[in-house]
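The values are calculated or read from the model by the stated rules, or taken from the named source; none is laboratory data. These numbers were taken from a predicted model, which means no experiment stands behind them. With ideal geometry, Cβ positions are generated from the backbone for all residues, glycine too; neighbour counts draw on all protein chains shown. Heavy atoms of the whole protein, side chains included, go into the accessibility calculation; ligands, DNA and RNA do not. Shrake-Rupley method; radii C 1.70, N 1.55, O 1.52, S 1.80 Å.
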Amino acid sequence: YNSPTHAGGLFAIDREWFKELGWYDPGLWVWGGENFELSFKVWMCGGRSVWVPCSRVSHVYRGHSCSSCGSGTLTNKFKGVPTTLRNYKRVVEVWFDDEYKEFFYTREPLAKLIDIGDISQQLKLKEEKNCKSFDWFMTEIAYDVFDKYPKLPPNKYWGELKNEATQTCLDSMGKHPPTEIGNGGCHGGGGYQMMMLNTEGQLVNGEWCVQADGQDKITLVWCDMGKTDGPWKFLTDTQQMRHTKYDRCLALHPETKQLVLLACDENNLYHKWQWATITPHWARTKQDG
């Protein structure tokens with residue numbers, strides 16, 4: 001059975017073919033993204049990746065777990081740069097067509113700040129082997145992806161969503177949906193405070209959507225599969241986040257400091273929000289340098 005992608009540590013490949021494809025990209029850090037890199041390279045450069053029922057493939061684990069790649073000595077080594085996101089960007093810049101690159105940066109806008117190093121050898125390999133386009137891959141191999149995951153509209157706004165009255169930011173608090181979304185001190189690091197509002201009104205933190213139930217309850221839910229639109233509209237002149245279905249505005253309750261939907265009041269600072277640019281510490285260090 002054809003398999004558009006595969007797990008990076010659970011595959012078998014002819015050694016000479018692996019060598020001809022340049023092995024894994026040596027510019028990838030630690031782990032993350034190598035499975036996509038090899039999958040795209042195999043398919044686009046003349047090969048084929050398949051599931052083999054009842055097959056058995058041994059998996060040799062590295063001597064340490066990478067669950068802490070973002071902390072400790074590895075963070076010091078890579079100056080805090082998120083290694084997996086860097087690897088994804090490196091793969092994207094080599095193998096994606098321009099249209100598909102924009103979908104990646106729509107979902108991961110902070111990736112634009114990451115230095116991926118030299119990719120000239122990977123681009124040279126792609127040219128020398130006359131590899132097919134990524135659009136070919138998406139049309140012929142991964143042809144049903146957009147049935148469930150439509151092309152992403154561009155972000156109209158992204159960054160921290162900061163309340164004017166409290167100077168706190170919308171924050172998913174690391175909780176998994178369904179859960180109430182909160183607000184907390186703005187830290188400028190993205191993550192659970194990275195909010196994105198696309199041109200079709202969907203307000204998200206990663207793959208989680210901000211939802212209102214009409215009863216003053218604001219929750220974080222898994223975004224509906226196959227949908228990229230939503231009910232939110234940011235009014236730049238009044239700095240309000242309006243819910244178009246209920247014709248009410250996102251606000252902080254002045255006493256409980258809980259997120260609620262209230263009748264829009266453009267004179268009330270608890271109803272006003274500001275989009276603030278996010279520049280993580282690893283990007284600030286680079287800019288300062």
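Here the accessible area is traced with a 1.4 Å probe on the protein chains. For the range 194-261, carbon and sulfur cover 44 percent of it.
How much accessible surface area, in Å² rounded to 10, belongs to the heavy atoms of residue 116 with a 1.4 Å probe? Around 20 Å² of this residue is reachable by solvent. Largest accessible area first, the listed residues 36, 18 line up as 36, 18 when surface is computed with a 1.4 Å probe on the assembled protein chains.
Please state the shape class of the range 189-259: rounded when a/c is under 1.5, otherwise prolate if a/b exceeds b/c and oblate if not, all from the C-alpha gyration tensor. Rounded is the answer for the range 189-259, as its axis ratio a/c remains below 1.5. Taking all protein chains together and a 1.4 Å probe, the residues 176, 281 rank 176, 281 from largest to smallest accessible area.
For the range 14-28, 3J(HN,Hα) computed residue by residue from phi via the Karplus equation (6.51, -1.76, 1.60; θ = phi - 60°) reads 5, 4, 5, 5, 4, 5, 4, 7, x, 6, 6, 4, x, x, 6 Hz, glycine and proline entered as x.
Between residue 133 and residue 15, the modelled labels are 3.8 nm apart [label points 7 Å from Cα along Cα→Cβ].
The heavy atoms of residue 103 present about 40 square angstrom of accessible area, all protein chains included, probe 1.4 Å.
Name the shape class, rounded, prolate or oblate, that the alpha-carbon gyration tensor gives for the range 6-62, where a ≥ b ≥ c are the square roots of its eigenvalues, rounded holds for a/c under 1.5, and otherwise prolate holds if a/b is larger than b/c and oblate otherwise.
Numbers: a/c = 1.65, a/b = 1.10, b/c = 1.50.
Oblate, since a/c reaches 1.5 and b/c is not below a/b.
Annotation note: GluC sites (Glu not before Pro) in the range 198-289 located in DSSP loop regions with a Cβ neighbour count of at most 13 within 10 Å are 207, 255, 266. The range 1-26 to the range 224-274: how many Å between their Cα centroids? So the separation of the two Cα centres works out to 48 Å.
Accessible surface calculations at 1.4 Å, restricted to protein heavy atoms, place the chain at 55 Å² per residue.
Rounded to the nearest 500, the helix-only mean residue ellipticity at 222 nm of the chain stands at -6500 deg cm²/dmol, with each DSSP H run of n ≥ 4 adding -39,500 (n - 2.57). In the chain, the longest principal axis of the Cα atoms and the axis of helix 83-95 are about 60 degrees apart.
Order 253, 187 by their accessible area, 1.4 angstrom probe, all chains in place, largest first. Working shown, then result.
Values: 253 60, 187 105 Å².
Order by accessible area, largest first: 187, 253.
For the range 202-213, backbone phi angles converted through the Karplus equation (6.51, -1.76, 1.60; θ = phi - 60°) give residue-by-residue couplings of 8, 9, 9, 10, x, 9, 10, 9, 7, 10, 10, 9 Hz, Gly and Pro being listed as x. In the complete set of protein chains, residue-level accessible area for residue 107 is approximately 80 Å², probe 1.4 angstrom.
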